[in-house]
Each structure stands twice: as C-alpha cells, then as structure tokens.
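Student: Sending over a structure as structure tokens; questions will come in a sec.
The values are calculated or read from the model by the stated rules, or taken from the named source; none is laboratory data. Model, not experiment: these values are computed from the prediction. Quick reminder, even Gly has a Cβ in these numbers, built from the backbone with ideal geometry, and neighbours come from all protein chains shown. Please note that ligands, DNA and RNA were not included when accessible areas were found on the heavy atoms of the full protein model with its side chains. Shrake-Rupley method; radii C 1.70, N 1.55, O 1.52, S 1.80 Å.
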Amino acid sequence: MKNIVKIAVALFAMVQTTYAQKNTELWSAGRPDGHAPISVMGDHYHGKGDVMFSYRYMRMNMEGLQQGSSEISNAQGHDNGYMVTPLNMPMDMHMLGVMYGLTDKITLVAMAMYTQNEMDLQMRMMSGMTTQFSTSSSGFGDVKLGMLYKFVNAKRQSLHAIVNLSIPTGTLEAEDVTPMSTPNKIQLPYPMQIGSGTYDLDLGLNYLGQTDNYSWGTQLKGTYRFDRNEFDYSLGNRYSLNSWFAYKVNDWISFSARGEVLAEERINGANPNLNPMMVTTADTANSGGKYINGGLGFNVYVPKGSFKNVRFGFEYAQPLYQELNGIQLERRETLTFGLQYSL
C-alpha cells in the first residue's frame, strides 16, 4: 500500500511538473512587457471571458514647414502661391477601449476617440505684410469595432490577426472663424476635421515572443478606405510596420524601444468647399508621406494586491526621418500615456 501511495505521489508530481513546463512555454500577457509599448494597439489578445478596459492620452506636435525632406520657411511657402501657411498644430487624442475574450481564440475590440485640434497660421496680405491667427476643432471621432484572432501560442511565441472596421461617426463639418471669413465661420481644411467620413478597414498581423526577461514583437498593419465621403474625398490608405523590444526588470516594470516604418498615401479626391490655393492644408497635393519613427517607453504592471492587473504605460516618440508629399507641417514629438485594467 505504501508503495502504491509513493507511486501515486510521484506520478502527481510528474504531472504538475509537466503542466508547469508547458505553461512556461506559452506566451503570456501577465507581465509588464506582456503588452507592447502603449502607442501600439491590437498587440495582444485575451482568454475566454476576460475583459480589459483602457484609456490612452496621446499628444502629437507638428511645427515648422517641410517640403519633401527639406525644411522651408513660411515665406517660401507663400512664394509657392499660398496666401496662408500653418505655423504649428498640437493634437490631443483621448481614446477609450474595451476588449472581451469571446473564446480563447477570438477577442472582440471596441474603441472610441475624442480629438482636440489647434492650428496657428500665418497670412500674407497684398501689402506683403503678414498676420497670424488661430483655428481649433474638437469632437468625438470615428468608432472602431473589430476582433483579434489567435492562430498559435506555443514555445513562448504567438501569432494573431487584427480585423477592425472604422465607422464614420466623426464630423467632417468642423468650422471656425478666419480673417477671410469674419464674422462668419467656414469649413476647416482636412487636417482639422475630426472624422474620415468613410468606412475604413484595418487588417494586421502580430508576431510576439518572450524569454524570462525579454520580449519582442512585430506588427504589420494596413488601413484601407472604402469609396469617398459626402464631400467627395477619402483620406489616403495607411501602411505601417512596427517592431519593438522590451526588457523586464522585475514583475512590476519593463522598458521598451520601438521602431516604425510608416507610409501614408495622398488624399483621394477633393472637397469642393475648400480653395486649394488659399492655404497649404486645403491642397490635397500636400498630404501623405513616408516616415521612420522611433520611441522609448516603459510599462508598469501590478501583479498582485488591491490594484492587481492594473497597467500604466508611457512612450516618447518622434520621427527619425520624414519625406512629405508637397508642403506640410513637420511632425515632432508624440507623447502617449495609457492606463489598462483587466478583469
């Protein structure tokens, strides 16, 4: 009898050891570097019945004119035939998201956004003198609904797909007063609008990997616009390749570095209410471009206690290279803060 008990205990220990070894071979989100840098979305999935709520705040700053890959002055912008040229544009985005594990393979995703735009501009008058003015716009943007599909999770590596549909709930009729329209408001150019006005499809693929103290990932994603909106234009398609590497210091914190190659096509069509020779931002030739971006950040994760499964992320990013179509504001730094909570 004693021998049988010993054998049973030994078998139970072997099963536990095997189970533990298999578990350690799975990629896991339950660690600080289990999520990508906070600026990357759709980077992870959840198990059946799991729920995660998230809030992100992103501030992007654009300042100074650039033509192609060269900086130019506002005077040079006016010399290209434009009466008005932009000086700077800060953009604030507040993003609320929820993820729900429908099954162990399918995670449902929903995201809403509130955007605030400001732009300072310079106008050259007939006398040759210049004057400055500002415009602003704000509102709820387009809503995204979609899913993530897990293909495989084995040997601490994972592969999953992204399929999102963007619903055009954001306005295309943002207006403000300008020196040319005083005292009336007029429709603002493309960068100051809140929504796309079109149904857009996001398709992506994520590869993730981990060791005990390191993790890495790559995300390939494209955004495709369907048809044109009510003002006879659509924003350009967008293609990005994001790769990141993170070091897990301990169970609470990790540090990350990220690189991105991004391409945005020109706006397709044109809004007949906008005069393309009045301001550079109303000319669709001045849209889209190619970018190489870099970012540094950290994730803080609470593995136990009253705030278990709360995660805070931060990233500072800026372009390392940018080649713009036509004349546009040069992109500068982007700050992203995020708070996530899993149930």
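Student: Got a sec? What order do E71, E315 fall in by accessible area at 1.4 Å, biggest, i.e. largest, first?
Tutor: E71, E315
Student: Give the ranking of K308, K155, K144, K248 by solvent-accessible surface, highest area first, calculated with a 1.4 Å probe.
Tutor: K155, K308, K144, K248
Student: For L205 and S134, compute 0.36 nm times the residue count separating them, minus their Cα-Cα distance, and round to one decimal in nm.
Tutor: So the chain would gain 21.5 nm between L205 and S134.
Student: May I ask you to give the solvent-accessible area per residue for the chain, in square angstrom, as obtained with a 1.4 angstrom probe?
Tutor: It amounts to 50 Å² per residue over the chain.
Student: Given the rule -39500 (n - 2.57) for each run of at least 4 DSSP H residues, summed and divided by the residues of the chain, what is its mean residue ellipticity at 222 nm, to the nearest 500 deg cm²/dmol?
Tutor: Helix contribution divided over all residues of the chain: -2500 deg cm²/dmol.
Student: Could you please put F53, F337 in sequence from largest to smallest accessible area, using a 1.4 Å probe?
Tutor: Largest to smallest exposure gives the sequence F53, F337.
Student: Skipping prolines and chain starts, which residues have an amide H placed within reach, meaning under 5 Å, of the one on N229, given they are 5 or more residues away or on another chain?
Tutor: For N229, whose amide H was placed from the backbone, the distant partners under 5 Å are S234.
Student: Here are some pairs, K150/K221; K48/K150; K150/K304; K221/K290; K144/K221; which of them have Cα atoms lying more than 18 Å apart in this structure?
Tutor: Where the Cα-Cα span goes over 18 Å, the pairs concerned are K150/K304.
Student: Give me the one-decimal nm value for the distance between modelled label points at A263 and A285, 7 Å along each residue's Cα-to-Cβ direction.
Tutor: 2.2
Student: Need one number: convex hull volume per residue for the stretch 178-248, Cα atoms only, in Å³.
Tutor: Here the figure is 134 Å³ per residue.
Student: Also, I was wondering about something else. Based on the Cα atoms of the chain, what semi-axes does the equivalent ellipsoid have, where each is the square root of 5 times one gyration tensor eigenvalue, given in whole Å with the largest first?
Tutor: Those come to 48, 19, 17 Å.
Student: In debye to the nearest 20, how big a dipole does the chain give about its Cα centre with +1 on each Lys and Arg Cβ and -1 on each Asp and Glu Cβ?
Tutor: Charge dipole, the chain, about its Cα centre: 1920 debye, nearest 20.
Student: Within the accessible area of the chain, what % is carbon and sulfur when the probe is 1.4 Å and the other protein chains stay in place?
Tutor: Here carbon and sulfur together make up 60 percent of the probe-accessible area.
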